[in-house]
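What follows draws every value from the coordinates through simple rules; no lab data is involved. Just so it is clear, the structure is predicted and the values come from calculations on it, not from any experiment. Cβ placement follows ideal geometry from the backbone for every residue including glycine, while neighbour counts extend to all protein chains displayed.
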Amino acid sequence: MIPLGNLYCELGDDDAAEQAYRAGADSRDPHSHHNLAVLLADRDDPVGAEMHFRLAIQGGDTLAAT
């Protein structure tokens, strides 16, 4: 789901990107959690971003831990 979410981001469709990242996060993909966290942070949702950064870190996403 990450490539699809990234494509939507490049096309400027943040709502569709969020849906794609959430679908990946729902399947417990830590990298989807990370991308969703970045998107939520950009959309001024610090609470949602923090939650997904934590889930990404717990899942082993080393980039989220930095």
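Scan region 2-11 and give yes if some residue there is over 11 Å from the mean Cα position of the chain (by Cα) and among the acidic types (D, E), otherwise no. Looking for residues that are over 11 Å from the mean Cα position of the chain (by Cα) and among the acidic types (D, E), one finds at least one in region 2-11, hence yes. Cβ-Cβ distances below 7 Å connect the following pairs, each with a first residue in region 14-37 that is under 9 Å from I2 (Cα atoms), a second residue that is among the aromatic types (F, W, Y), and a separation of six or more residues or different chains: A17/Y8; A20/Y8; S32/Y21; N35/Y21.
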